[in-house]
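Colleague: Can you keep this structure in mind? I'll have questions shortly.
The numbers here are math on the coordinates, done by the rules we state, and not lab data. Just so we're clear, the structure is a prediction, and the values are computed from it rather than from any experiment. Counting neighbours? That spans all protein chains shown, and the Cβs are built from the backbone with ideal geometry, glycine included.
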Amino acid sequence: MKFWYQPLRWWAWLLYPLSLLLCIVSKTRRFYLQKFAPKNRLPVIVVGNISVGGNGKTPFVIWLCEMLIKQGYKPGIVSRGYGGKSEHYPLLLTKQTDGSEAGDEPVMLFKRLVVPIVVDPKRVNAVNYLTDKCDVDIIITDDGLQHYALARDIEIAVVDGKRRFGNQQLMPMGPLREPLSRLKEVDFIINNGEQADGEITMLLVPQACKTVDGRDACLPKQSKVNACAAIGYPQRFFDSLSALHYQLSKQVPFADHHAFKADDFKQFDNNLPLLMTEKDAVKCLKFAKPNWWYLPIDAHLPEAFQTELLQKIKELK
């Protein structure tokens, strides 16, 4: 909601009772669920955020998983699978798993990483499945900071460096899922794109565009293109394309996790290339056209953070 990121208006205070109720419910749930959460048999790292919308969490999960693999670990990932609906859970992803079944983010992560990924609305069940049936020695949860029924060993919160926390109020008055004080309790705060005291700066670096249908081709920069994005903060994607000197003819935001259909793209000129996010591309494979492209993003983080995180993981064993 746009008013969350604008100066607080007087009428927003009418929503304060609902925000206060959310605060009470959130703290009560956390107290009781964490108190009785069963201890995990493998180390669990939770990556999440305290505000709604896209914060750059998924590129960080990719970086974290690739870094752990280079260090000799065998990571697995659990996800709620938002936007997907499976006939059974836990759902272990395979090459045939569709985004409509598992959700767009898990499918994208699987295509990038090819590590065991399990989807289940109850993340505890997904963690147990990975522990019992997959060859992993450490587990990463993609989102789930507020999923208190799951015990965790390390908490990492990702923050949008530009939008920060908007008006700093809890939903529905503002964009926060939990009070700002919650950040004092996590192990690391990752700042997407900016520098702030006590936070680790993460830079998102665009890579060369790739075709959605998998063909080997190249899209020259400064091309005139159309663009679409179904992520929490679409403007960041459009700004990234402009920064790469693509000329945006038409840019269309969709709701986060939008389930794309071929009809969604009738509004675009087929003579122009269409650029989308990597997460959106996995939902368009069945009807992708030859001039549809996606922009892969890699996260870069300081070596000092990597060293500190690895040391913390070693201390868990």
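Colleague: Pull out the extension gain between M1 and Q267, defined as 0.36 nm times the separation in residues minus the alpha carbon to alpha carbon distance; nm, one decimal. Please list the in-between numbers first.
Modeller: Working: separation 266, 0.36 × 266 = 95.76 nm, distance 2.47 nm.
Gain on stretching M1 to Q267: 93.3 nm.
Colleague: Mean separation of Cα pairs under 8 Å and 6+ residues apart, divided by the residue count of the chain: what relative contact order is that in percent?
Modeller: Numbers: 608 pairs, mean separation 66.3, N = 317.
With pairs under 8 Å counted, the relative contact order is 21 percent.
Colleague: With a ≥ b ≥ c taken as the square roots of the eigenvalues of the C-alpha gyration tensor of the stretch 208-295, please select rounded if a/c is under 1.5 and otherwise prolate if a/b is larger than b/c or oblate if it is not?
Modeller: Numbers: a/c = 1.41, a/b = 1.09, b/c = 1.29.
Note, shape of the stretch 208-295 comes out rounded.
Colleague: Let me ask something else. List the GluC sites (Glu not before Pro) in the stretch 215-317 that DSSP assigns to loop (not H, G, I, E or B) and whose Cβ has at most 11 other Cβ atoms within 10 Å. Which are they? Mind dumping the intermediate values first?
Modeller: On the way: sites: E278, E303, E308, E315; in loops: E315.
Those that pass, being in a loop and sparsely packed, are E315.
Colleague: For the stretch 231-258, list residues with backbone N below 15 Å from a point placed 7 Å from the Cα of F287 toward its Cβ?
Modeller: 258
Colleague: Next question. Any lysines with Cα under 23 Å of the K35 Cα? List them, leaving off those in the same chain fewer than 8 positions away.
Modeller: Candidates past the 8-residue exclusion: K27, K122, K184, K312, K317.
Colleague: What pairs in K95/K250; K74/K283; K70/K286; K74/K261 have C-alpha atoms more than 31 Å from each other? Write out the running numbers ahead of the final one.
Modeller: Details: K95/K250 33 Å; K74/K283 27 Å; K70/K286 33 Å; K74/K261 36 Å.
Over 31 Å apart, Cα to Cα: K95/K250; K70/K286; K74/K261.
Colleague: Nearest 5 is fine: what % of DSSP beta bridges in the chain come out antiparallel, could you say? Don't jump to the answer; show the numbers that get you there.
Modeller: Working: 9 of 46 bridges.
That works out to approximately 20 percent antiparallel.
Colleague: A further question follows. For the stretch 37-73, run through the chymotrypsin sites (Phe, Trp or Tyr not before Pro) and keep only the ones in DSSP coil with at most 11 other Cβ atoms within 10 Å of their Cβ. Let's see the in-between values first.
Modeller: Details: sites: F60, W63, Y73; in loops: Y73.
Filter output for the stretch 37-73: empty list.
Colleague: Next up: D98 to K74: FRET efficiency via 1/(1 + (r/R0)^6), r the Cβ-Cβ distance, R0 45 Å, to the nearest 0.05? Present the calculation step by step, with values, prior to reporting the outcome.
Modeller: Numbers: r = 26 Å, r/R0 = 0.57.
Once the sixth-power term is evaluated, E becomes 0.95.
Colleague: Here is a follow-up. For a test of the definition: using alpha carbon positions, the gyration tensor, and the 1.5 limit on a/c, classify the chain as rounded, prolate or oblate.
Modeller: Verdict is oblate for the chain.
Colleague: Okay, moving on. What whole-number distance in Å separates the alpha-carbon centres of the stretch 202-223 and the stretch 302-316?
Modeller: Centre-to-centre (Cα) distance: 32 Å.
Colleague: Given a 10 angstrom Cα cut-off, can you work out which residue in C284, C65, C218 is the most mobile in a GNM of the chain?
Modeller: The residue with the greatest mean-square fluctuation here is C218.
Colleague: If you keep only loop residues by DSSP, which GluC sites (Glu not before Pro) in the stretch 36-121 have at most 12 other Cβ atoms within 10 Å of their Cβ? Please list the in-between numbers first.
Modeller: Working: sites: E66, E87, E101; in loops: E87.
The qualifying sites are E87.
Colleague: Under the rule of -39500 (n - 2.57) per DSSP H run of 4 or more residues, summed and divided by the residues of the chain, what mean residue ellipticity at 222 nm is obtained, to the nearest 500 deg cm²/dmol? Could you put the intermediate results ahead of the total?
Modeller: On the way: 8 runs with 86 residues, N = 317.
My calculation for the chain gives -8000 deg cm²/dmol from helical runs alone.
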